[in-house]
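*Asks:* Structure provided below as structure tokens; questions to follow.
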Amino acid sequence: MPNTIKDILLDLLKTVGPSGSEERVISLFGRSIAPYVTEVKTDVTGNCIAHKNGSGSKVMLAAHADEVGLMIHYIDERGFLYFKEIGGVDTSLLPGQRISIEGINGPVIGVIGKKPIHIQDKTDSPRTINPEDLWIDIGAKDKKDAEQKVHIGQVATIISEPVLLSDQIVASKSLDDRIGLAILISVAEKLGQTNADVYFVASAQEELGSVGAQTVTERILPDVGIAIDVTHATDYPTMSVVKEGDIKLGTGVVIAVGPNIHKSVSDKLLNVAVESNIPYQME
């Protein structure tokens with residue numbers, strides 16, 4: 001089993017789990033956190049609930065297991081596949097990407113294509129790319145050949161290995177929110193004895209509207225719930241700190257404040273950070 005948060009994170013990043021198909025991520029999370037909790041369960045929505053028994057207030061710490069992806073929704077007569085987006089996909093980044101489809105008999109590799117720039121309509125904006133302008137080439141001879149490998153409704157993700165840009169910076173797909181899952185496992189390992197009744201939750205289908213988080217909250221009914229997720233840094237070109245806030249990579253955890261955040265929770269987090277000399281930023 002991985003013994004550092006970096007090892008855990010890299011394993012999670014390599015595991016495929018678009019919204020609605022998070023099973024492998026959920027399974028890995030459950031196995032990784034099991035030594036540090038009382039019990040691990042998976043509910044009907046697909047959430048993984050790791051419970052550390054206690055006699056005090058119920059505290060739920062949650063991070064989502066799913067990532068954005070694609071779903072096959074049409075196969076044409078030439079064997080090209082068309083797709084719908086799962087979650088907030090930046091379509092402009094898709095052309096030329098290699099993808100892996102969860103095919104009928106295992107993974108099917110494909111490449112996302114679009115009309116070459118040399119023969120595009122020059123009146124079209126290069127920024128305007130819709131999913132229907134793109135297709136997936138799996139090397140099929142025709143529709144019949146493609147349908148022996150893939151059927152409608154199967155999901156796909158971009159093929160991407162995590163890259164360490166430095167000892168402290170990793171570039172990868174699905175850091176949103178595999179980093180949150182890695183933090184939950186690390187917290188569970190370090191927590192030790194506590195009077196609180198603590199639930200570590202890997203939630204499903206966040207990219208589709210926090211579906212899993214809603215159902216698991218109704219099930220646990222925690223006294224306090226804290227979501228651990230990513231946010232946008234603003235210390236790179238084209239970003240406006242006036243518009244988006246001043247958030248720098250590597251200068252501390254970001255604590256959210258605002259009308260949809262309970263003041264006593266955000267105040268407590270801020271106080272703990274100050275008292276423990278933990279670097280933090282506010283959003």
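*Asks:* Filter the stretch 230-253 down to the residues that are surrounded by 13 or more Cβ atoms within 10 Å (Cβ to Cβ), within 15 Å of residue 169 (Cα to Cα) and charged (D, E, K, R) and list them by number.
*Replies:* Selection gives 248 alone.
*Asks:* When you look at residue 214, is it closer than 20 Å to residue 252 by Cβ, among the polar types (S, T, N, Q) and either open to solvent by 30 Å² or more (accessible area, probe 1.4 Å) or within 19 Å of the chain's Cα centre (by Cα) (or both), yes or no?
*Replies:* Working: closer than 20 Å to residue 252 by Cβ: no; among the polar types (S, T, N, Q): yes; either open to solvent by 30 Å² or more (accessible area, probe 1.4 Å) or within 19 Å of the chain's Cα centre (by Cα) (or both): yes.
No; evaluated as a whole, the condition is false for this residue.
*Asks:* Would the stretch 180-193 turn up any residue that is among the acidic types (Asp, Glu), closer than 30 Å to residue 60 by Cα, surrounded by 14 or more Cβ atoms within 10 Å (Cβ to Cβ) and in contact with a strand residue (DSSP E or B) (Cβ under 6 Å, 6 or more places away or on another chain)? Give the derivation first.
*Replies:* Here is the first cut: in the stretch 180-193, the ones among the acidic types (Asp, Glu) are 189.
Keeping just the survivors that are closer than 30 Å to residue 60 by Cα gives 189.
Adding the requirement that they be surrounded by 14 or more Cβ atoms within 10 Å (Cβ to Cβ) leaves 189.
If we keep only those that are in contact with a strand residue (DSSP E or B) (Cβ under 6 Å, 6 or more places away or on another chain) too, we end up with none.
Looking through the stretch 180-193, none of the residues is among the acidic types (Asp, Glu), closer than 30 Å to residue 60 by Cα, surrounded by 14 or more Cβ atoms within 10 Å (Cβ to Cβ) and in contact with a strand residue (DSSP E or B) (Cβ under 6 Å, 6 or more places away or on another chain).
*Asks:* Go through the stretch 131-160 residue by residue and tally those that are open to solvent by 40 Å² or more (accessible area, probe 1.4 Å) and modelled with pLDDT of 90 or more.
*Replies:* 14
*Asks:* Something else about it: Could you tell me how many of the residues in the stretch 215-229 are farther than 25 Å from residue 172 by Cβ and either in contact with a strand residue (DSSP E or B) (Cβ under 7 Å, 6 or more places away or on another chain) or not β-branched (Val, Ile, Thr) (or both)?
*Replies:* 10
*Asks:* So how many residues does the stretch 168-195 have that are of a type in the set (Lys, Arg) and either part of a loop (DSSP other than H, G, I, E, B) or within 26 Å of residue 69 (Cβ to Cβ) (or both)? Can you show your working first?
*Replies:* Going through the stretch 168-195, the residues of a type in the set (Lys, Arg) turn out to be 173, 178, 190.
After this cut, where a residue has to be either part of a loop (DSSP other than H, G, I, E, B) or within 26 Å of residue 69 (Cβ to Cβ) (or both) as well, the list is 173, 178.
Selection size over the stretch 168-195: 2.
*Asks:* Looking at the structure I just gave you, is residue 137 charged (D, E, K, R), touching a helix residue (DSSP H, G or I) at 6+ places or on another chain (Cβ under 9 Å) and under 24 Å from residue 92 (Cβ atoms)? Give the steps one after another, and end with the answer.
*Replies:* Values: charged (D, E, K, R): yes; touching a helix residue (DSSP H, G or I) at 6+ places or on another chain (Cβ under 9 Å): no; under 24 Å from residue 92 (Cβ atoms): yes.
Answer is no for this residue.
*Asks:* List pairs: first residue in the stretch 209-237 and more than 19 Å from residue 265 (Cβ to Cβ), second residue in a strand (DSSP E or B) anywhere in the structure, Cβ distance under 6 angstrom, at least six positions apart or on different chains.
*Replies:* Pairs that qualify, where the first residue is more than 19 Å from residue 265 (Cβ to Cβ) and the partner is in a strand (DSSP E or B), are 212/203.
*Asks:* Moving on. Can you name the number of the only condition in (1) at pLDDT 90 or above; (2) not in a loop (DSSP other than H, G, I, E, B) that residue 118 fails?
*Replies:* (1)
*Asks:* Now for a different question. Is one or more of the residues making up the stretch 47-65 at positive phi and not aromatic (Phe, Trp, Tyr)? Even if it seems obvious, please write down each step before you answer.
*Replies:* Taking the stretch 47-65 as the starting set, the residues that turn out to be at positive phi are none.
No, the stretch 47-65 has no match at all.
*Asks:* Then there is this: Restricting the search to the stretch 164-179, which residues are closer than 18 Å to residue 61 by Cβ and over 9 Å from the mean Cα position of the chain (by Cα)?
*Replies:* none
*Asks:* Having 3 or more residues that are open to solvent by 30 Å² or more (accessible area, probe 1.4 Å) is the bar; report the strands (runs of 3 or more DSSP E) wholly within the stretch 1-78 that clear it. Spell out the reasoning first.
*Replies:* Details: elements: 39-42, 48-52, 58-64, 69-75.
Answer list for the stretch 1-78: 39-42, 69-75.
*Asks:* Within the group 101, 112, 86, 49, which residue is among the hydrophobic types (A, V, I, L, M, F, W, C), over 15 Å from residue 182 (Cβ atoms) and without any contact (Cβ under 8 Å) to a residue 40 or more places away in the chain?
*Replies:* Numbers: 101 fails: without any contact (Cβ under 8 Å) to a residue 40 or more places away in the chain; 86 fails: without any contact (Cβ under 8 Å) to a residue 40 or more places away in the chain; 49 fails: without any contact (Cβ under 8 Å) to a residue 40 or more places away in the chain.
The match here is 112.
*Asks:* Follow-up. May I ask you to list the residues in the stretch 12-40 that are acidic (Asp, Glu) and within 19 Å of residue 156 (Cα to Cα)? Lay out the reasoning, then the answer.
*Replies:* Just the residues of the stretch 12-40 that are acidic (Asp, Glu), to begin with: 22-23, 39.
Selection gives 22, 23.
*Asks:* Next up: Give 227, 204 a once-over and let me know the one that is under 18 Å from residue 33 (Cβ atoms), surrounded by fewer than 19 Cβ atoms within 10 Å (Cβ to Cβ) and among the hydrophobic types (A, V, I, L, M, F, W, C). Reasoning before the result, please.
*Replies:* Numbers: 204 fails: surrounded by fewer than 19 Cβ atoms within 10 Å (Cβ to Cβ).
When all the criteria are applied, what remains is 227.
The values are calculated or read from the model by the stated rules, or taken from the named source; none is laboratory data. Keep in mind that this is a model prediction, so the values were computed, not measured. Note that each Cβ is placed from the backbone with ideal geometry, even for glycine, and that neighbours are counted across all protein chains shown. Just so you know, the surface numbers come from the protein's heavy atoms only, side chains and all, with ligands and any DNA or RNA stripped out. Shrake-Rupley method; radii C 1.70, N 1.55, O 1.52, S 1.80 Å.
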